[in-house]
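**Student:** The following block contains the structure, expressed as structure tokens.
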Amino acid sequence: MERILITGAAGQLGSELTQALVDIYGGDNVIATDINEAAAHKFDYCQFIPLNVLDNDQMVKIIKEEKVTQVYHLAAILSATSEKNPLFAWKLNMDSLLSILEIAKEYKLNKIYWPSSIAVFGPSTPMKNTPQDCVMDPNTVYGISKQAGERWCEYYFQKYNVDVRSLRYPGLIGYKSLPGGGTTDYAVDIFHKAIEGEHFECFLREDSYLPMMYMPDAIKATIDLMHAPAEKIKVRSSYNLGGISFSPQEIYESIKKHHPDFEISFKPDFRQNIADTWPDSIDDSAARNDWGWEHSYGLEDMTKDILANLPTYLVNFK
């Protein structure tokens, strides 16, 4: 039986991916870790261990003692937050990945999962249907760290046969965690404001198209990739992953169908400059052809599902 370690388990992706992995492998075989010790209450269904991913000795200790066979390395500082402290963001995002890859090589772990992002693209990247292989010139520290991380992942696969797999996530939207400091997080916060009957001030322009994905699709893609036979994984840097693309105005109009009194205004800030360097839409044909990826949720389906479930989540959260 596989033994799964998840870093950054209390984050937006980790919160839902951990539960999905427990559903597959059982709570006794999944170890959630996060630097936030107070997050322990979220993981009453599996083991939780506080962990600073920059503490390599502690990481090794946990992996050895728990007989870990797979690591899902989700801990990172996201795009907008990284710009406020670029040197620390680089250190955390890069040093922790290299530690995991070295541990995987030394202890012969079965698989490593590491998320990349559309932040690897930049001003010279084709903006529409961005191809799997193209110019990547990121101009944010988050994007630079993700691009470098992709190269390290492919290097460790080619040189040491470390089975590391990765997806370039678009903006992820879910209702089971709060926004975490990403440029696409407006599309999470907007639902909270609508449910609470508050005015929403968007930090992007109304016409800023970005690739997005509803969290159930992101979880499915991650698990499908990790369960695919190794010979199906042709890309060892990171796969493009597409879902839906929309603007702040379009998601607002989708929500307004259910909350007619909901109001929005637009006040672009420094995050607009980040968004302007990212694609409008993604060509993910490599993932579809290699291991059968396909998404399920469109904008209207996602909106209905979030508005139906978020009020109950907020009551329980508070």
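The values are calculated or read from the model by the stated rules, or taken from the named source; none is laboratory data. These figures come from a predicted structure and were not determined experimentally. Here the Cβ is made from the backbone with ideal geometry for all residues, glycine too, and neighbour counts use every protein chain on show. Ligands, DNA and RNA are excluded from the accessible area calculation, which covers all protein heavy atoms including side chains. Shrake-Rupley method; radii C 1.70, N 1.55, O 1.52, S 1.80 Å.
**Student:** Inspect segment 121-135 for any residue being part of a helix (DSSP H, G or I) and free of Cβ contacts under 8 Å to residues at least 24 places away in the same chain and give the result as yes or no.
**Tutor:** No, segment 121-135 contains no residue that is part of a helix (DSSP H, G or I) and free of Cβ contacts under 8 Å to residues at least 24 places away in the same chain.
**Student:** Another question about this same structure. Give me the residue from segment 243-291 that is open to solvent by 40 Å² or more (accessible area, probe 1.4 Å) and among the aromatic types (Phe, Trp, Tyr) and, out of that set, farthest from the chain's Cα centre (by Cα).
**Tutor:** Per the stated criteria, the residue is PHE266.
**Student:** Considering ALA40, ALA9, which residue is free of Cβ contacts under 8 Å to residues at least 12 places away in the same chain and in contact with a strand residue (DSSP E or B) (Cβ under 9 Å, 6 or more places away or on another chain)? Step through it out loud before you land on a result.
**Tutor:** Numbers: ALA9 fails: free of Cβ contacts under 8 Å to residues at least 12 places away in the same chain.
So the residue among ALA40, ALA9 that is free of Cβ contacts under 8 Å to residues at least 12 places away in the same chain and in contact with a strand residue (DSSP E or B) (Cβ under 9 Å, 6 or more places away or on another chain) is ALA40.
**Student:** Taking segment 104-120 on its own, how many of its residues are surrounded by 18 or more Cβ atoms within 10 Å (Cβ to Cβ) and in a loop (DSSP other than H, G, I, E, B)?
**Tutor:** Of the residues in segment 104-120, the ones surrounded by 18 or more Cβ atoms within 10 Å (Cβ to Cβ) are 104, 109, 111-120.
After this cut, where a residue has to be in a loop (DSSP other than H, G, I, E, B) as well, the list is 109, 114-115.
Count: 3.
**Student:** Cβ-Cβ below 8 Å, separation at least six or inter-chain, first residue in segment 139-157 and open to solvent by 60 Å² or more (accessible area, probe 1.4 Å), second among the polar types (S, T, N, Q): which pairs?
**Tutor:** ASN139/THR277; ARG151/SER237
**Student:** Out of curiosity, is ALA32 open to solvent by less than 40 Å² (accessible area, probe 1.4 Å), part of a helix (DSSP H, G or I) and either out of contact with any Lys or Arg (no Cβ under 6 Å at 6 or more places or on another chain) or more than 17 Å from MET215 (Cα to Cα) (or both)?
**Tutor:** When the stated conditions are applied, ALA32 does not pass them.
**Student:** Would you check if there is a residue in segment 220-237 being within 18 Å of the chain's Cα centre (by Cα), in a helix (DSSP H, G or I) and polar (S, T, N, Q)?
**Tutor:** Checking segment 220-237: at least one residue is within 18 Å of the chain's Cα centre (by Cα), in a helix (DSSP H, G or I) and polar (S, T, N, Q).
**Student:** Then there's this: Just one of the numbered conditions (1) open to solvent by 50 Å² or more (accessible area, probe 1.4 Å); (2) in a loop (DSSP other than H, G, I, E, B); (3) of a type outside the set (Asp, Glu); (4) modelled with pLDDT under 95 is not true of TYR297; which one?
**Tutor:** Unmet for TYR297, out of (1) open to solvent by 50 Å² or more (accessible area, probe 1.4 Å); (2) in a loop (DSSP other than H, G, I, E, B); (3) of a type outside the set (Asp, Glu); (4) modelled with pLDDT under 95: (4).
**Student:** Further, regarding this structure: Checking the condition in a loop (DSSP other than H, G, I, E, B) and β-branched (Val, Ile, Thr), which residue from THR312, THR303, THR277 passes? Walk me through it before giving the result.
**Tutor:** Details: THR312 fails: in a loop (DSSP other than H, G, I, E, B); THR303 fails: in a loop (DSSP other than H, G, I, E, B).
Going through THR312, THR303, THR277 in turn, the sole match is THR277.
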